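Report on the structure given below.
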Amino acid sequence: MTSLKLMIACHKKCEVPSDPVYLPLQVGAAGKDEIGFTRDDTGENISRLNPCYCELTGLYWCWKNLDVDWLGLVHYRRYFTMKSGTWRRQHSELEGALTQEEAESLIKTAKIIVPKKRRYYIESIYSHYSHTFDHTQLDTCRSILVSKNPSYVSAFDSVMKSTGGYMFNMFLMDHAMVDSYCSWLFDVLQQLIDQTDSSGMSDFEKRYAGRISEILFNVWLKYQLETGTVKPSEIREVSYFYLGKIDWSRKVKSFLAAKFLHKKYDRSF
């Protein structure tokens, strides 16, 4: 029987789906109080690096400490769903989260499950990051690839020019794909951190490795497609939903201010 787990990245106590496919994981647990979930500061871990890596400390913990055939990542406020909006409005929010039965059905015909693409329309991936954060972080990543993984440079350049991608570090992949991705990702991010001076950054700015990883996932996936490791037909886009309210007015204003007034983001939405 195929074993499958979807890690829920949590940094505080919260309600989570009851389906056994989910593993609520306290990310950045090192030095923090118990919240009743599995912690990412046991076994082999990088929990103390959470201020920079964000939910990736949870991904690292699962990669190193879980023995499962398929592993995925979602968030305590963002889940995959196979249910329609109409269905979800008639049920409690968490009931709409992807179930084990649905996940098992998806992986019969796919190697990689991803959220629906996020579209920027008037921005490329590179220009959007440049307007909202520090573009030199992306430039450093490219230099790292040129030096250490030159075969990925074409995929990196292609992703930078695209106007959308799979964001939020959400996915579901088989063990071999997870191992390939994590081995590559954490090596690139460690080099990025080694080459980045964060001494003058705010706590919000120091989360750059977590943000960059959302883009790097697309680079890794593009390379898998370029090399034929994964076929387009083996990638399945699945809808997702967000718990809570998004301040769309402030989000849009901040997006436009970043693009036209060069005002960087200084907080989450």
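In the stretch 120-144, the residue that is surrounded by the fewest Cβ atoms within 10 Å (Cβ to Cβ) out of those that are among the charged types (D, E, K, R) and touching a residue at least 60 places away in the same chain (Cβ under 8 Å) is Asp134.
Of the residues Lys111, Lys116, Lys64, Lys83, which is over 28 Å from Lys12 (Cβ atoms) and at pLDDT 95 or above? Every option except Lys111 fails the conditions.
Can you say whether Ser92 is touching a residue at least 60 places away in the same chain (Cβ under 8 Å), at negative phi and among the polar types (S, T, N, Q), as far as the supplied structure shows? Explain how you work it out, then say what you get.
On the way: touching a residue at least 60 places away in the same chain (Cβ under 8 Å): no; at negative phi: yes; among the polar types (S, T, N, Q): yes.
So Ser92 fails the test.
Entry remark, the stretch 91-124: residues being more than 18 Å from the chain's Cα centre (by Cα) and of a type in the set (Val, Ile, Thr) number 4 in total. Note on the stretch 145-164: among residues that are closer than 23 Å to Leu73 by Cβ and surrounded by fewer than 20 Cβ atoms within 10 Å (Cβ to Cβ), the one that is farthest from the chain's Cα centre (by Cα) is Asn149.
Every residue, every condition in (1) surrounded by 15 or more Cβ atoms within 10 Å (Cβ to Cβ); (2) modelled with pLDDT of 95 or more; (3) outside any loop (DSSP other than H, G, I, E, B), yes or no:
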site	(1), (2), (3)
Lys13	no, yes, no
Val16	yes, yes, no
Pro20	no, yes, no
Gly28	yes, yes, no
Cys52	yes, yes, yes
Tyr79	yes, yes, yes
Leu98	yes, yes, no
Glu102	yes, yes, yes
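In this structure, does Ser249 turn out to be surrounded by fewer than 16 Cβ atoms within 10 Å (Cβ to Cβ), modelled with pLDDT under 95, over 19 Å from the mean Cα position of the chain (by Cα) and among the hydroxyl-bearing types (Ser, Thr, Tyr)? Spelling it out, Ser249 is indeed surrounded by fewer than 16 Cβ atoms within 10 Å (Cβ to Cβ), modelled with pLDDT under 95, over 19 Å from the mean Cα position of the chain (by Cα) and among the hydroxyl-bearing types (Ser, Thr, Tyr). Annotation: of all residues in the stretch 55-72 being surrounded by fewer than 24 Cβ atoms within 10 Å (Cβ to Cβ) and not in a helix (DSSP H, G or I), the one that is nearest to the chain's Cα centre (by Cα) is Trp70.
Scoring Ser183 on the criteria (1) surrounded by 15 or more Cβ atoms within 10 Å (Cβ to Cβ); (2) closer than 23 Å to Leu73 by Cα leaves a single failure, condition (1).
Quick grid of which residues meet (1) under 15 Å from Tyr129 (Cα atoms); (2) surrounded by fewer than 20 Cβ atoms within 10 Å (Cβ to Cβ); (3) at pLDDT 95 or above:
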residue: Gln195; (1), (2), (3): no, yes, yes
residue: Ile212; (1), (2), (3): yes, no, yes
residue: Leu221; (1), (2), (3): no, no, yes
residue: Gly228; (1), (2), (3): no, yes, yes
residue: Pro232; (1), (2), (3): no, yes, yes
residue: Ile235; (1), (2), (3): no, yes, yes
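Of all residues in the stretch 99-119, those being among the acidic types (Asp, Glu) and without any contact (Cβ under 8 Å) to a residue 24 or more places away in the chain number 2. Mind listing whichever residues of the stretch 200-236 are in contact with a Leu (Cβ under 7 Å, 6 or more places away or on another chain) and either more than 22 Å from Arg119 (Cβ to Cβ) or among the charged types (D, E, K, R) (or both)? If the condition is that a residue be in contact with a Leu (Cβ under 7 Å, 6 or more places away or on another chain) and either more than 22 Å from Arg119 (Cβ to Cβ) or among the charged types (D, E, K, R) (or both), then Ala209, Arg236 are the ones that fit. Residues being touching a Ser or Thr at 6+ places or on another chain (Cβ under 7 Å), more than 24 Å from Tyr240 (Cα to Cα) and at pLDDT 95 or above are represented in the stretch 181-190 by at least one member. For the residues Pro51, Pro24, Pro20, the requirement of being under 27 Å from Ile112 (Cα atoms) and touching a residue at least 60 places away in the same chain (Cβ under 8 Å) singles out Pro20. Of the residues screened, Arg236 is not one that is within 17 Å of the chain's Cα centre (by Cα) and either among the hydrophobic types (A, V, I, L, M, F, W, C) or assigned to a helix (DSSP H, G or I) (or both).
Taking Ser127 as the residue in question, decide whether it is assigned to a helix (DSSP H, G or I) and either within 18 Å of Tyr181 (Cβ to Cβ) or over 21 Å from the mean Cα position of the chain (by Cα) (or both). So Ser127 fails the test.
The values are calculated or read from the model by the stated rules, or taken from the named source; none is laboratory data. Computed from a predicted structure; not experimentally measured. All Cβ positions, even for glycine, are placed from backbone atoms using ideal geometry, and neighbour counts span all protein chains on display.
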